Amino acid sequence: MPFFQVEALSISFGGLAALSDLSFSVEKGEIFAIIGPNGAGKTTLFNCINGIYRPGEGSIRFKGQSLVGMRPDRVARCGIARTFQNIELFSHMNTMENIMLGRHLHMKTGLFRGAFLWGKGSFAGKEERENRQKAEEIIDFLDLQSVRNAFVGALPYGTQKVVELARALATEPELLLLDEPCAGMNSEEKQDMIFWIKDIQDELGVTILLIEHDMNMVMDISDRILVINFGRQVTLGTPDAVQRHPEVIKAYLGEEAALEPHP
Amino acid sequence: MDMKRDYYEDIRFFTSGVTVFWFVVLIVFLSAFPFLVKNYYVYVANYMAINVIVAVGLNILVGYTGQISLGHAGFFAIGAYGTVTLMTSAHVPFLPALFLAAGTAAFFGFLLGLPALRLEGPYLAIVTLGFGLTVTQVIGKLDFFGGRQGLHAPDLVIGSWNLDTDREFYYLVMVITVVMVVAVRNIIKTRVGRAFIAIRDADIAAEAMGVNLVVFKTLAFALSAFCTGIAGGLYAFVLRFIEPEIFTLLMSIMFLAMVVVGGLGSIMGSITGACLLSWMDLQLRNILSFPHVGTWLESLSRMYFSITGVSNIQFILFGGIMIAIMLFEPLGIFGIWIRTKKYWKTWPF
């Protein structure tokens with residue numbers, strides 16, 4: 001049984017096939033990149049996986065369990081977290097509270113126990129403290145101490161991306177979907193992000209699905225790469241194999257480059 | 001620079017010795033208040049406190065969860081009628097009747113939350129508006145609820161304590177108000193409140209992080225309706241007589257105005273907004289008896305504003321003050337408070 005498997009996945013919006021007959025599987029602990037031109041269907045694939053879209057056909061299985069038709073919050077409960085291409089942070093909360101929302105799944109305080117937050121010893125007080133400690137560990141891990149109490153709406157773009165990653169990590173996922181984590185970052189921030197993504201794979205043992213346009217980064221950190229265009233698979237393989245594929249060269253370097261012999 | 005030693009410090013109620021001091025001052029003041037003022041002002045305070053409960057409850061929905069309601073007078077009516085009929089027809093004691101009635105309001109809140117799963121903004125406003133209007137129409141039609149004639153509130157007795165004066169009733173209202181405001185504040189600071197705010201700021205992301213939108217959106221409606229139901233039940237005993245005409249659309253809009261004028265997403269804001277607007281509502285009509293200005297305002301009103309010849313300058317002033325607050329401080333009274341606090345922190349620079 002593969003760790004994560006997509007089979008014959010298709011979805012169309014008003015006759016336009018956004019994804020058609022897409023199949024692949026991801027091994028546990030892998031960094032699996034998905035690349036392709038704009039509009040190829042990469043984000044649509046993520047939206048299908050985490051339940052925002054319901055695919056027309058095909059199956060998505062995570063550790064043997066089917067995810068098709070599951071609501072996003074149920075998918076999150078299965079151990080799949082994601083970040084968004086266009087940042088979707090809770091802009092009126094500070095960094096700490098954003099990360100604490102990532103702990104939502106692991107907390108139990110409801111209306112009554114929340115209303116009776118009478119001191120440290122109460123259920124809610126205890127749970128808050130334990131989970132804030134966990135959130136603080138993530139803040140340390142991603143170097144966010146300086147913005148811990150800042151409202152995220154006012155943070156620089158690059159930092160907001162990191163807070164999103166922190167929030168996703170706070171859910172303690174087994175599978176992490178990263179939608180263009182480096183978009184809009186300067187080279188220094190990119191270096192940090194690459195470093196963290198590798199750490200998340202190595203130290204936390206999280207499997208990562210990555211959408212990214214920065215080819216250097218993708219080739220550098222991915223174990224395998226899926227190339228899609230017009231919602232269909234172009235090729236799938238290791239970074240070296242993908243780089244040599246004629247259609248990939250055509251898509252990324254242009255028609256002429258593909259016709260010329262590769263140096 | 002504030003140093004944190006414990007994660008509990010982020011959420012605890014008393015952030016420093018100063019807040020403990022002010023809280024004690026507030027409690028002492030509230031306890032002594034009925035002995036310091038005329039009976040009429042005790043009545044005003046009761047009216048204010050009830051509006052505070054509504055505003056804090058409505059703020060959960062509008063300010064924190066980002067939904068809208070133009071139908072809270074409906075929940076208010078359910079609370080009021082529920083409490084009175086349970087006491088008179090079923091002979092339930094006051095406190096259980098109050099909570100049962102508020103529970104009924106919460107149930108209707110839950111039902112009204114269901115369309116909110118698909119609708120937002122102006123569309124949700126219309127649905128809630130329809131709810132508010134329907135409730136009073138239905139109540140007015142049913143003889144069980146006294147129909148158009150209305151209902152008299154029974155004597156208010158808790159155990160062996162007969163609360164037959166405004167002063168005695170004041171203590172009951174204040175205890176309930178303080179407990180409810182503190183409870184709501186605690187809910188907002190913990191997991192449920194964070195989920196509400198997350199839904200407001202980015203509902204897709206909230207769902208992707210594991211927040212069940214169905215549960216938490218309907219919960220926000222139910223909780224908000226529960227608070228309003230409690231306030232409605234108390235209000236029946238302030239008026240001592242209830243009829244459907246009390247629970248109008250204007251009432252719903254006034255509740256909303258309290259939350260917005262006070263400052264969306266702030267409990268202190270809701271409290272001050274409710275106090276200010278209910279005070280203006282009761283006191284602004286006295287402006288006509290001001291020396292010199294009063295007569296001038298009255299003639300001004302008769303000449304230019306009034307259609308029926310009855311003076312209406314107080315409503316115009318009311319509207320003018322609300323416009324001025326929103327114009328100069330879009331964050332409401334809470335925004336003014338934040339700026340004052342900043343100013344004093346850095347004073348004299």
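The values are calculated or read from the model by the stated rules, or taken from the named source; none is laboratory data. Not measured: the values here are computed from a predicted model. All Cβ positions, even for glycine, are placed from backbone atoms using ideal geometry, and neighbour counts span all protein chains on display. What goes into the accessible areas is simple: the full protein's heavy atoms, side chains included, and nothing from ligands, DNA or RNA. Shrake-Rupley method; radii C 1.70, N 1.55, O 1.52, S 1.80 Å.
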Legend entry - Candidates A:ILE138, A:ILE80 - the one that is among the β-branched types (Val, Ile, Thr), farther than 22 Å from B:ILE204 by Cα and either more than 8 Å from chain B (Cβ to nearest Cβ) or touching a helix residue (DSSP H, G or I) at 6+ places or on another chain (Cβ under 8 Å) (or both): A:ILE138
Legend entry - Qualifying residues in the stretch B:323-345 (those that are among the charged types (D, E, K, R) and open to solvent by 60 Å² or more (accessible area, probe 1.4 Å)) - the one farthest from B:GLY265 (Cα to Cα): B:LYS345
Legend entry - Yes/no for B:ARG200 being of a type in the set (D, E, K, R) and either more than 14 Å from chain A (Cβ to nearest Cβ) or touching an Asp or Glu at 6+ places or on another chain (Cβ under 7 Å) (or both): no
Inset, instruction - Return yes or no: is A:ILE60 surrounded by 15 or more Cβ atoms within 10 Å (Cβ to Cβ), under 17 Å from the mean Cα position of the chain (by Cα) and away from chain B (no Cβ under 14 Å)? - result: yes
Inset, instruction - State which residue is farthest from the other protein chains (Cβ to nearest Cβ) when the search covers only the stretch A:141-152 and only residues that are buried (at least 17 other Cβ atoms within 10 Å of the Cβ) and in a helix (DSSP H, G or I). - result: A:VAL147
Inset, instruction - Answer yes or no: is there a residue in the stretch B:17-34 that is in contact with a Cys (Cβ under 9 Å, 6 or more places away or on another chain), under 17 Å from B:THR272 (Cα atoms) and touching a residue at least 60 places away in the same chain (Cβ under 8 Å). - result: no
Legend entry - Wholly within the stretch B:203-295, helices (runs of 4 or more DSSP H) carrying at least 3 residues that are within 14 Å of chain A (Cβ to nearest Cβ) and of a type outside the set (S, T, N, Q): B:203-208, B:213-239
Inset, instruction - Kindly list the number of the only condition in (1) away from chain A (no Cβ under 14 Å); (2) open to solvent by 20 Å² or more (accessible area, probe 1.4 Å); (3) touching a Cys at 6+ places or on another chain (Cβ under 9 Å) that fails for B:MET180. - result: (1)
Inset, instruction - Return the pairs, sorted by first residue and then second, in which the second residue is of a type in the set (Val, Ile, Thr), the first residue lies in the stretch A:1-25 and is without any contact (Cβ under 8 Å) to a residue 12 or more places away in the chain, the beta carbons are less than 9 Å apart, and the residues are 6+ apart or on different chains. - result: A:PHE13/A:THR44
Inset, instruction - Within the stretch A:63-77, count every residue that is within 12 Å of another protein chain (Cβ to nearest Cβ) and touching a residue at least 60 places away in the same chain (Cβ under 8 Å). - result: 1
Inset, instruction - Check B:LEU129, B:LEU100, B:LEU112 and return the single one that is over 13 Å from the mean Cα position of the chain (by Cα), surrounded by fewer than 19 Cβ atoms within 10 Å (Cβ to Cβ) and closer than 30 Å to B:ASP201 by Cα. - result: B:LEU129
Inset, instruction - Report, by residue number, each residue of the stretch B:185-199 that is farther than 19 Å from A:GLY125 by Cα, touching a residue at least 40 places away in the same chain (Cβ under 8 Å) and over 20 Å from the mean Cα position of the chain (by Cα). - result: B:ILE199
Inset, instruction - Scan the stretch A:84-110 residue by residue and report those that are more than 9 Å from chain B (Cβ to nearest Cβ) and either open to solvent by less than 10 Å² (accessible area, probe 1.4 Å) or touching a His at 6+ places or on another chain (Cβ under 9 Å) (or both). - result: A:THR95, A:ILE99
Legend entry - Those residues of the stretch B:263-300 which are small (Gly, Ala, Ser) and closer than 30 Å to B:ASN186 by Cβ, in sequence order: B:GLY263, B:GLY265, B:SER266, B:GLY269, B:SER270, B:GLY273, B:ALA274, B:SER278
Inset, instruction - Take the stretch A:153-172 and flag every residue that is of a type in the set (S, T, N, Q) and assigned to a helix (DSSP H, G or I). - result: A:THR159, A:GLN160
Legend entry - Identity of the residue in the stretch B:304-316, open to solvent by 60 Å² or more (accessible area, probe 1.4 Å) and assigned to a helix (DSSP H, G or I), that ends up modelled with the highest pLDDT: B:ILE316
Inset, instruction - Can you confirm whether the stretch B:78-92 contains a residue that is touching a residue at least 40 places away in the same chain (Cβ under 8 Å), in contact with a helix residue (DSSP H, G or I) (Cβ under 6 Å, 6 or more places away or on another chain), farther than 19 Å from B:ASP155 by Cα and surrounded by 24 or more Cβ atoms within 10 Å (Cβ to Cβ)? - result: yes
